[in-house]
Every structure is written in C-alpha cells, then in structure tokens.
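One structure below.
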Amino acid sequence: MERDLGNYASRLREMGLAAFRTKYTKPALVRNPDEARSGISDRPVEDVTSSSEFLPSVSDIADRVILNSECEVFLLVQVKKHPHPERVNLGRGSRADVRLPHNSISKLHAYIATRSDGSFALADAGSRNGTYLRGERGEKYKRLLTHRESPLHDGSQLRLGRYGFVFHTPKGFVDKVARYAAQL
C-alpha cells in the first residue's frame, strides 16, 4: 500500500498530473515523522468552548513542514460500514477506517466528516488524549470538545494523541504531491 509521500510522487510522475488528479479524489492526512517526535506536551493548549471561537488554519502553514519521502500519507477513505457514511473514523481499533497504531491514540479517537456542501470537519470521538486543531497564523493548538465538529481547510494542522498531521483536501493533496515531485 502506498503510504509515503515519495511513492505518491513517483506515481504522479508515471501517471501524469491529470490522471493522478482523477484517481486521487479523497482528502488526506500527511504526517511528518520529525513533527510527530516532538509530541504535544511542548505545545500550548487551550480548550475550545464553542466552535465559533476557533477557525482552523486557512493559510499555507502546511508548506512549513519539511517534505521528505518519509512523510506518511493517510487517504481518508471509509472502509468499514457504519451508520455515518459521511464520516471517516480515525483510531487504533478495528472500527477505525484509518488505523493509527500507537498507544496515545484511542480505539475510536476522532472522525472527519464530509459536509453536504463539500467542506470538511473534524471532531473528537471521546478520546482519552484529545484531538487538537491549530489556529490561523500558527496560533496555539486548541483541544476540541467531544462530538463538536470544527471546520477543516486545506493546510489545517491537527494532532491526535501524540501524532501531528496536516489535513489536505483532494485538490490540496494532489497539489502537495506535485510540488514534492517537482523537487525531486
């Protein structure tokens, strides 16, 4: 299974941009191993009291993450049947669509929902170690309240337990892979 950014870049070069864009139509989470090592304990965190107080990053903060072939890619595809077809479940357990095998991740940690207007949202599913979003312009990470959806935009930075990710819309993911492939 393709899991690292280098494999996706090679695939793009083989297929061409138009074919790659047609094939990869799902959003993705990209995890940089260097980013994840720092954990969340060294980052300021505040609780979110209402979804109107926090807007995730809409700037291109994601490009500050060093791109390398070790960046793990998790395509957000629902693989398990569950009562919410608009959601992709994230966690370490068997009910998760995207499995993240680490003890800081709950069995069903969070979910990403596709809204009726085509936008995306993140919600904590009652995890033990929390789900966090980073504000615009590199503001502090803020902990999400359980089952309260917060909007996601291309380049939104999030943390699940000790894992740091950058969220990409389908277009944003293809653009990121193309930028990386151009650097090779």
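Values quoted throughout were computed directly from the atomic coordinates according to the rules given, and no laboratory measurement underlies them. On a predicted model such as this, the values are computed, not experimentally measured, just so you know. With ideal geometry, Cβ positions are generated from the backbone for all residues, glycine too; neighbour counts draw on all protein chains shown.
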Mean separation of Cα pairs under 8 Å and 6+ residues apart, divided by the residue count of the stretch 81-184: what relative contact order is that in percent? 18
Within the stretch 117-158, backbone nitrogen closer than 18 Å to the virtual label 7 Å beyond the Cα of residue 95 toward Cβ: 123-131, 146-149
When you take every Cα atom in the stretch 128-171, what is the radius of gyration, and what is Dmax, the widest Cα pair distance, in Å? 10.4, 32
Residue 162 label point, 7 Å along Cα→Cβ, cut-off 19 Å on backbone N: hits in the stretch 68-101? 71-72, 91-93, 99-101
